[in-house]
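What follows is a short report on a single structure.
The values are calculated or read from the model by the stated rules, or taken from the named source; none is laboratory data. Here the structure is a predicted model, which means the values were calculated and not measured. Please note: Cβ atoms are built from the backbone with ideal geometry, for glycine as well, and neighbour counts cover all protein chains shown.
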Amino acid sequence: MAEQTKNNAPPFHFTDLRLTRPVRKDDPFEYQSGFGNHFQSELIPGTLPLGQNHPQICRFNLYTEVFTASAFAAPRSANQSSVLYRCRPSCAIDGHVDVETRSAWQSCFLATNKAVSSIASQAEWAPFELPNEKTDFIDGIRTVGGNGDASLRDGIALHIYAINADMNRRALVNADGEYMLVAQLGHIILQTEMGRLYLQPGEIAVIPRGIKHRISLAKGDEHARGYMIELFGSCWELPTLGPIGCSGLANPRDFLSPVAFVDDELDAEWLVFTKITGKYSVHRQDHSPFDVAAWHGNSVPYKYDLTKFVSVSSVSVDHTDPSVFTVLTAKSRDPDTPLVDFLWFGPRWDVAQNTFRPPFFHRNAASEFLANIYSESAGAGRSAGFRPGGGSYEAGHIAHGGFSQPYLTEMRRMKNEPRIISSGENSKSPT
Ligand SMILES: O=C(O)Cc1cc(O)ccc1O
Ligand SMILES: [Fe+2]
């Protein structure tokens, strides 16, 4: 007998087609939600000073530290900063020394850099290799490509991280750019000065430029892999919605920022690595860099679960431009062209009629990198080698489009039913 509800209405079961991510684990951490908010967090209530930021003596004798991510007097819409109240002053360190790591992290894509080259074509990568040798996040970054230069504060870089070890007492500061991590394989714990984020495949995280962080594998995971997009100048922002209205795409409340967290062992020996203009230096300190007992501000790390994305597209005819799938965007110095748009092609219904998707062939002004996070089908018009953990690339203006099975079937059908170009109204020669 069919299941019945109290009022005799048939039960309403539905599956959210967006929630098809293969591995889900419970997120162990607490968060504050909202994009671009001015947040505040304190381990012990009453720690944050009231009505001022810099009292001469802070509660518990904490040290005040101001962190700015924008120019002091940047317009309010672009002004980003935070105030941290720490257990130990972060300037109490040994001097910086240059250091080599095993990572292959490029930060200059100017024509004068012989280590990089341009390709005006398509390319595809099999899943990026996981390390055999013990490799943490500092050693485990490989650059795929980019443009501009970190020292010009202009441009973007795309990297892969592939790790099988924790950073332990090593922290990293990227002084070159704000970066986004796109988790593809493995669950990681992203510890930052503002607290901890748990990242699982299908989730993204953004770490503002200059924020110290450390990445560890979650319990039970032996390795992790993902993509990274580094912005040398601007910061990630939500796209404006225009006629879409007040909600849709990535909704602000689905972005999560951490709450204050202090390491158990405050007085231990740490190494803090800094990457600046593509080079690493390191300093030693006798206290944990993760000792912020309270903080407030709007320059904060955050994460977002891509399966929460609300897709919007045509409900009548025609193929809508892929910009409707923009999760986050970043400004370039050209007011009419973003530096980068980060798009999510997630599970969704494509309902438009008399419109063929896989799409028309296209030649975009933008260069495209497509990452496969967990799709097992070779869809998206890429080859069967386009697997989770791999990627594909089309340089700007390179023609490409769908070659997947439905397309080939349709082409075969059209071959057998040739289009008739006859005399009549539609075949008038241009005058
Ligand atoms: O190549 C791709 O898969 C990305 C893409 C999708 C789309 O719907 C239209 C243009 C485009 O470049
Ligand atoms: Fe494309």
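Looking at 344, 295, which is the one that is at pLDDT 95 or above, hydrophobic (A, V, I, L, M, F, W, C), touching a Leu at 6+ places or on another chain (Cβ under 6 Å) and within 16 Å of ligand 2 (Cβ to nearest atom)?
Selected residue: 344, the only one of 344, 295 that is at pLDDT 95 or above, hydrophobic (A, V, I, L, M, F, W, C), touching a Leu at 6+ places or on another chain (Cβ under 6 Å) and within 16 Å of ligand 2 (Cβ to nearest atom).
Residue 146 passes all but one of (1) part of a strand (DSSP E or B); (2) surrounded by 23 or more Cβ atoms within 10 Å (Cβ to Cβ); which number fails?
Only one criterion is unmet by residue 146, namely (2).
Okay, residues lined up against (1) touching a Gly at 6+ places or on another chain (Cβ under 8 Å); (2) at positive phi; (3) at pLDDT 95 or above:
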site: 24; (1), (2), (3): no, no, no
site: 44; (1), (2), (3): no, no, yes
site: 62; (1), (2), (3): no, no, yes
site: 66; (1), (2), (3): no, no, yes
site: 69; (1), (2), (3): yes, no, yes
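All but one of (1) at pLDDT 80 or above; (2) away from ligand 1 (no atom under 11 Å from the Cβ); (3) within 23 Å of residue 145 (Cα to Cα) hold for residue 351; state the number of the condition that does not hold.
Every listed condition holds for residue 351 apart from (3).
Name the single residue that is nearest to residue 202 (Cα to Cα) among those in region 289-348 being assigned to a helix (DSSP H, G or I) and within 14 Å of ligand 1 (Cβ to nearest atom).
The extreme case among them is 325.
Select from region 376-402 the residues that are surrounded by 13 or more Cβ atoms within 10 Å (Cβ to Cβ), hydrophobic (A, V, I, L, M, F, W, C) and at pLDDT below 80 and write down the one among them that is nearest to ligand 2 (Cβ to nearest atom).
Out of the qualifying residues, it is 380.
Can you tell me which residue among 253, 225 is in contact with a Ser or Thr (Cβ under 6 Å, 6 or more places away or on another chain) and closer than 22 Å to residue 25 by Cα?
After applying the criteria, what remains is 253.
Give region 79-95 a look and list any residue that's in a loop (DSSP other than H, G, I, E, B) and of a type in the set (A, V, I, L, M), or say none.
92, 93
Of all residues in region 356-371 being at pLDDT 75 or above and under 30 Å from residue 316 (Cβ atoms), which is farthest from ligand 2 (Cβ to nearest atom)?
Within region 356-371, the match that is farthest from ligand 2 (Cβ to nearest atom) is 365.
In region 264-283, is there at least one residue being touching a Pro at 6+ places or on another chain (Cβ under 7 Å) and not in a strand (DSSP E or B)?
The answer is no; no qualifying residue exists.
Listed here are the residues, each with its yes/no results for (1) without any contact (Cβ under 8 Å) to a residue 60 or more places away in the chain; (2) over 22 Å from residue 78 (Cβ atoms).
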| residue | (1), (2) |
| --- | --- |
| 172 | no, yes |
| 205 | no, no |
| 216 | yes, yes |
| 222 | yes, yes |
| 226 | no, yes |
